[in-house]
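Trainee: Starting off with a structure, shown below.
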Amino acid sequence: MRIIAGIHRGRRLLGPKDATTTRPITDRVKQSLFDRLWSQGILPEDPRTADEEPVDARGLAVDVFGGTGSLGLEALSRGIGKCVFVEQDREAVRRLEANITELGLGERSRVLRVNALTPTWVMHSLREPARVVFMDPPYAMVADAAGWQRLTPLLEALAERTEEGGMMVLRVPKRVDPPAVSGWEGPETFGYGSMKLSFYVR
C-alpha cells in the first residue's frame, strides 16, 4: 500500500494484518476515485502538480471503516485540510496511527475508535461539516437487506454533517446495487473488477 499522489506521493503505508478480510483498495481503483473527486472540485490539489505542502488546505474528510487509513491519508496528501478516521479494530487502529505518525499528519488527523454503526458519534465528533466521506463497510454487511437496515441510519446521519455539494464514496461488491439514501443524490456507480464505487452528492 502506498500514497499515489500529492505531497506524500510514493510513501509506503502499513497495510492491514489480514488483507483477506479488509480488502485494501488497489492503486488503479484509488487513482480513478481520486481523479473523480478532483474533477468535481472536492479536492484542492491537482495531483499532477502537487509536490509541496498545500498553502491553504481546507475541508474535512471522514474515512469510515477506515482500516489502516489508505483513503483518508491519500486525501490529506492531496490537500484536504483534515481527516477523521473511524475504525473499531484494535490492530487496524494501531497500524493507522503508525501511518499517521510516519507521514507527520498528526495535527491534521483524528482517530475515533468507535462502532461506526452507532451514529451518535457523527453529531458528537464531527466539529465541522465534511467535504468528502469515504465509506468502506465490510462486504458481509451490504450483502442483504438486514445489513443495509443497519447501515442506512449512519449514511443518513452523515448527510446531515456533510457540506452542500460534498460527496460520499461507497465501496461495495460488484453484485450489490447500492440504494438511494435520504439526504443524498445518486448514486452514480462505476464497476472495477470485483467491486463498485458509488458516488453520492449532498
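The values are calculated or read from the model by the stated rules, or taken from the named source; none is laboratory data. From a predicted model like this one, the values you see are computed outputs, not experimental measurements. Cβ coordinates were reconstructed from backbone atoms using ideal geometry, including for glycine residues, and neighbour counts include every protein chain displayed. Accessible surface is based on the protein model in full, side chains and every heavy atom, while ligands, DNA and RNA are left aside. Shrake-Rupley method; radii C 1.70, N 1.55, O 1.52, S 1.80 Å.
Trainee: Are any residues in the range 56-66 surrounded by fewer than 24 Cβ atoms within 10 Å (Cβ to Cβ) and farther than 18 Å from residue 41 by Cβ, and if so, which ones?
Mentor: Within the range 56-66, 65 is the sole residue that qualifies.
Trainee: Would you mind telling me which numbered condition in (1) open to solvent by 20 Å² or more (accessible area, probe 1.4 Å); (2) modelled with pLDDT of 95 or more; (3) within 20 Å of residue 130 (Cβ to Cβ); (4) assigned to a strand (DSSP E or B) residue 182 fails?
Mentor: If we test residue 182 against (1) open to solvent by 20 Å² or more (accessible area, probe 1.4 Å); (2) modelled with pLDDT of 95 or more; (3) within 20 Å of residue 130 (Cβ to Cβ); (4) assigned to a strand (DSSP E or B), just (4) comes out false.
Trainee: A follow-up question, please. Only one of (1) at pLDDT 95 or above; (2) surrounded by fewer than 21 Cβ atoms within 10 Å (Cβ to Cβ); (3) assigned to a loop (DSSP other than H, G, I, E, B) is not met by residue 189, so which one is it?
Mentor: (3)
Trainee: Given the condition at negative phi, charged (D, E, K, R), at pLDDT 90 or above and out of contact with any Cys (no Cβ under 6 Å at 6 or more places or on another chain), answer yes or no: does some residue in the range 47-62 qualify?
Mentor: No.
Trainee: State whether the residues of the range 112-129 include one that is surrounded by 19 or more Cβ atoms within 10 Å (Cβ to Cβ), free of Cβ contacts under 8 Å to residues at least 24 places away in the same chain, farther than 17 Å from residue 67 by Cβ and not aliphatic (A, V, I, L, M).
Mentor: For the range 112-129, residues surrounded by 19 or more Cβ atoms within 10 Å (Cβ to Cβ), free of Cβ contacts under 8 Å to residues at least 24 places away in the same chain, farther than 17 Å from residue 67 by Cβ and not aliphatic (A, V, I, L, M): absent.
Trainee: If you don't mind, there's one more thing I want to ask. Specify the residue that is farthest from residue 132 (Cα to Cα); the eligible residues are those in the range 192-202 that are among the hydroxyl-bearing types (Ser, Thr, Tyr) and surrounded by 15 or more Cβ atoms within 10 Å (Cβ to Cβ).
Mentor: Per the stated criteria, the residue is 192.
Trainee: Looking at the range 78-106 only, could you name the residues that are among the small types (Gly, Ala, Ser) and either buried (at least 24 other Cβ atoms within 10 Å of the Cβ) or farther than 15 Å from residue 59 by Cβ (or both)?
Mentor: Listed by number, the residues that qualify are 92, 98, 104, 106.
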